[in-house]
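The structure under discussion appears below in the form of structure tokens.
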Amino acid sequence: MSDKREYRMEELAELAGITVRTLRFYRERKLIPPPRREGRIAWYDDHHLARLRTISALLERGHTLSGIAELADAFDHGRDVGDLLGLGEPTEETPVRLTPEELADRFQGQDTPENLAAALELGYLGTDGENIVHISRRLLDVSSALVREGIPLAGVLDAGRRVREHAEALAGIFADLVLAHAREEDLPRLRPLARAVVEAELSLALDRRLRTRSEED
């Protein structure tokens, strides 16, 4: 038996801390999904309530309704968690479920519609009902740590996009090497070897870059 709750317009507005007039305005601006209709009665659920609370939180942070509308559209047309994870969960990465408020706290107010839309496009984020899903706890922790160090989230996402391109090329090199000398079913077993090579080469490359910068100074 489902425990899903539904609300009439007046009850939803009261729970969200807004007026019925404001709720109608948000619905007309398509900031919230359409309600379920039963005759002339409109029924809203917890997903609508979570969206309204997110809108209020974003407005309090100074975002405009136009920007929030773009974000709402990105989530409504973005990939859900099933599309995000594909055929199965990543071998080593752990997905993280977050409320919009938790995600905002992670990135110190840089959860702009533009940044969230970019994260959706990259496939870092998906949706699961009223929650947001990040594909990788490690990527989430690293990106939020970089933001805490003063690096703009937009820059972190742009770097992630460029790293993705190189990572795809590296994965292709290893897959081609293995398939030239072994069987396709050996790929998962040999996967840690590819990761070790990439980690070692990246570490050495960072050492070289730091030495070069030090010599230039």
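The values are calculated or read from the model by the stated rules, or taken from the named source; none is laboratory data. Computed from a predicted model, the values in this text were never measured in an experiment. Methodologically, a virtual Cβ is constructed for each residue, glycine included, from the backbone with ideal geometry; neighbour enumeration extends over all protein chains shown.
Scanning region 28-44 for residues that are within 24 Å of the chain's Cα centre (by Cα) and closer than 18 Å to Ser56 by Cα returns Arg29, Lys30, Leu31, Ile32, Pro33.
The criterion of being surrounded by fewer than 18 Cβ atoms within 10 Å (Cβ to Cβ), at pLDDT 80 or above and not in a loop (DSSP other than H, G, I, E, B) holds for Glu10. Going by the conditions given, is Arg24 in a helix (DSSP H, G or I), over 27 Å from the mean Cα position of the chain (by Cα) and more than 19 Å from Thr99 (Cβ to Cβ)? Yes.
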